[in-house]
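Engineer: My questions all concern the structure below.
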Amino acid sequence: MRFFLVCLAAASLTGCIFENDDDSGPGPGGTSCSTEPTYQIDTGATLSYTVGVDAGYYADYEGSGAWHFEWTCDTDLSAEGCTFSGSIIAPTPAGGIGATCYKCEDDDQLTTSPNGDNTEIDFSTDTSTGIDGVDFVTNPGASVEINFQVNGIDQNDIVFFPSSGTAANPTCMPAYLQPTTP
């Protein structure tokens, strides 16, 4: 939450999404993991945020294997849009994973492909003052691997999920999210 306060204070000067035009690494917003950590996500909990203001990815695990991810940019503050891209890898349940793009426009992309016993969901969306996202169902209680970027840079500091009754975010990308209950 401290990130949003800093962003709100700086809103008149710059946007909250960091960009990196060279090859020096992930930039100031993100860190890559050498070992993917696992984080608990509260089953049935959601997070509140303001669309077009509170830039970031927001994860919900609804239970029974149903996942919902959505994202929005801080365009109302920065006057710039964001390209959200990444992948989610989840165990493939009987009958397939059935991923769908949530509130996406015609030029947004969502693909699924087999990855061993898993399914990889890849996405790329241009988002400004609206919401884009993905919904899918995997095996109840199964953890999922996330690897999210904004404008091509790992930005784990703006990936949010409910954990132990509060908003949490991973320390690096990629990361695993494990539901508290199936």
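Each reported figure results from applying straightforward, stated rules to the coordinates on display, with no laboratory input. Nothing here was measured: the structure is a model prediction, and the numbers come from that model. Positions of Cβ are generated from backbone atoms using ideal geometry, with glycine treated the same way; all protein chains shown enter the neighbour counts.
Engineer: Distance from the Cα centre of the stretch 101-128 to that of the stretch 164-181, in angstrom?
Structural biologist: Using only Cα atoms, the two centres lie 21 Å from each other.
Engineer: While we're on this one: Where the only charges are on Cβ atoms (+1 Lys, Arg; -1 Asp, Glu), what is the dipole of the stretch 55-148 about its Cα centre, to the nearest 20 debye? Present the calculation step by step, with values, prior to reporting the outcome.
Structural biologist: On the way: 1 positive and 17 negative charges, 75 e Å.
Once rounded to the nearest 20, the dipole reads 360 debye.
Engineer: When Lys and Arg each count +1 and Asp and Glu each count -1, what net charge do the other residues less than 11 Å away from ASP60, Cβ to Cβ, add up to?
Structural biologist: On the way: positive: none; negative: ASP42, GLU62, GLU70, ASP135.
Every neighbour counted, the sum reads -4.
Engineer: Still on this structure, please answer the following. Where Lys and Arg each count +1 and Asp and Glu each count -1, what net charge lies around TYR176 among other residues with Cβ under 12 Å from its Cβ?
Structural biologist: Working: positive: none; negative: GLU36, GLU145.
Summing Lys and Arg as +1 and Asp and Glu as -1 gives -2.
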